[in-house]
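The next block holds one structure in the form of structure tokens; read it before the comments.
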Amino acid sequence: MAYKFIDNYRERGARKKLVELLESRGISDKNVLEAIKKVPRHFFFDETFWKQAYKDIAFPIGDGQTISQPYTVAYQSEILHVKPGDSVLEIGTGSGYQTCILMELGAKVFTIERQENIYNRTIKVLPIMGYKPTFFLGDGSKGIPQHAPFDKIIVTAGAPFVPQILLKQLKIGGVLVIPVGDETSQKMETYIRINENDFDKIQLDTFRFVPLVGDQAW
Ligand code: SAM
């Protein structure tokens with residue numbers, strides 16, 4: 001893929017329109033909308049496909065994976081309630097777009113990807129854009145115990161169940177956001193750790209993600 005890191009008035013205008021669309025679809029967190037307005041999503045696309053970058057669609061990034069739909073990224077970011085300084089574990093780095101949004105929200109991000117090609121591309125692209133999360137290559141369904149506990153955990157692939165090992169890596173008061181279901185559709189779920197053993201669970205809207213593949217997954 002030939003990347004080009006130029007952000008001109010055309011792309012900035014398209015981003016503003018995308019933000020208006022997301023607001024009309026119910027995204028209301030001003031910080032999330034500001035982050036979407038700031039991160040050049042077309043930087044994750046070959047120049048041939050720049051026009052697709054500001055449509056509210058998921059798009060192939062190679063190796064059978066996708067950059068998530070902007071609405072999905074905004075939705076997950078909103079319900080994660082990121083506060084500046086939060087340590088956030090992101091499972092499924094993919095293109096790194098969601099990673100950039102989390103960093104714009106002030107998070108310290110630990111992000112893990114299991115596919116080597118995607119990992120190798122993203123660890124090159126993000127620093128060029130000025131984003132320097134801590135990258136890991138491996139199976140994120142088991143979390144990253146050596147960096148736990150986290151304030152927030154976000155899973156960006158569809159899980160068959162909620163890995164208990166992830167719940168254990170949340171701080172008390174921490175939040176896990178994870179899509180759970182079968183291969184064709186998943187319900188977005190949030191888990192808030194209220195004490196050592198108890199979690200408040202909320203089930204939200206239906207989405208369609210690529211599968212979370214691993215030891216505690218498909
Ligand atoms: N947030 C990403 C973005 O905006 O590009 C979305 C990436 S895509 C929907 C989901 C990613 O999760 C894929 O890159 C896939 O390889 C990765 N993935 C699936 N199972 C995984 C696992 N067990 N550990 C880490 N990454 C995983």
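Criterion applied to LYS108, LYS51, LYS38 was being more than 26 Å from GLN203 (Cβ to Cβ), over 11 Å from the mean Cα position of the chain (by Cα) and at pLDDT below 95, and the one residue passing it is LYS51.
Scanning the range 1-56 for residues that are surrounded by 15 or more Cβ atoms within 10 Å (Cβ to Cβ), over 24 Å from VAL82 (Cβ atoms) and of a type in the set (A, V, I, L, M) yields a single hit, ALA14.
Here PHE59 fulfils each of the conditions (1) in contact with a helix residue (DSSP H, G or I) (Cβ under 7 Å, 6 or more places away or on another chain); (2) surrounded by fewer than 18 Cβ atoms within 10 Å (Cβ to Cβ); (3) in contact (Cβ under 8 Å) with a residue 24 or more places away in the chain; (4) within 30 Å of LYS142 (Cα to Cα) apart from (3).
When the range 54-76 is examined, which residues are found to be near the ligand (Cβ under 10 Å from one of its atoms) and among the small types (Gly, Ala, Ser)?
ALA58, GLY62, GLY64, SER68 - these are the residues of the range 54-76 that are near the ligand (Cβ under 10 Å from one of its atoms) and among the small types (Gly, Ala, Ser).
Within the range 188-218, being within 16 Å of the ligand (Cβ to nearest atom) and within 13 Å of THR72 (Cβ to Cβ) holds for MET188, THR206, PHE207, ARG208, PHE209, VAL210. Among all positions in the range 124-143, there is no residue which is β-branched (Val, Ile, Thr) and within 14 Å of the chain's Cα centre (by Cα).
Cβ separations smaller than 6 Å between residues 6+ apart or across chains give the following pairs from the range 1-14 residues that are of a type outside the set (Lys, Arg) to residues that are at pLDDT 95 or above and assigned to a loop (DSSP other than H, G, I, E, B): ASP7/PRO40. Scanning for something within 24 Å of LYS30 (Cα to Cα), in a strand (DSSP E or B) and not hydroxyl-bearing (Ser, Thr, Tyr), does the range 76-84 turn up at least one residue? For the range 76-84, residues within 24 Å of LYS30 (Cα to Cα), in a strand (DSSP E or B) and not hydroxyl-bearing (Ser, Thr, Tyr): absent. Quick check on THR66: is it touching a residue at least 24 places away in the same chain (Cβ under 8 Å) and either more than 19 Å from ARG121 (Cα to Cα) or crowded, with 22+ Cβ neighbours inside 10 Å (or both)? Against the criterion (touching a residue at least 24 places away in the same chain (Cβ under 8 Å) and either more than 19 Å from ARG121 (Cα to Cα) or crowded, with 22+ Cβ neighbours inside 10 Å (or both)), THR66 does not qualify.
Restricting the range 1-35 to residues that are within 22 Å of the chain's Cα centre (by Cα) and of a type in the set (Ser, Thr, Tyr) leaves a set whose member that is nearest to ILE79 (Cα to Cα) is SER28.
In the range 58-79, the residue that is modelled with the lowest pLDDT out of those that are hydrophobic (A, V, I, L, M, F, W, C) and within 22 Å of ASN117 (Cβ to Cβ) is ILE61.
Checking the structure you have, find out if any residue of the range 113-133 is under 26 Å from ASP7 (Cβ atoms), hydrophobic (A, V, I, L, M, F, W, C) and near the ligand (Cβ under 9 Å from one of its atoms).
Scanning the range 113-133 turns up at least one residue that is under 26 Å from ASP7 (Cβ atoms), hydrophobic (A, V, I, L, M, F, W, C) and near the ligand (Cβ under 9 Å from one of its atoms).
Before we move on, is GLN146 more than 19 Å from VAL88 (Cβ to Cβ), within 16 Å of the ligand (Cβ to nearest atom), modelled with pLDDT of 95 or more and exposed (fewer than 14 other Cβ atoms within 10 Å of the Cβ)? No: the conditions fail for GLN146.
The values are calculated or read from the model by the stated rules, or taken from the named source; none is laboratory data. Treat the numbers as computed from the prediction; the structure is a model and nothing was measured. Glycine also receives a Cβ, built like all others from the backbone with ideal geometry; neighbour counts cover every protein chain displayed.
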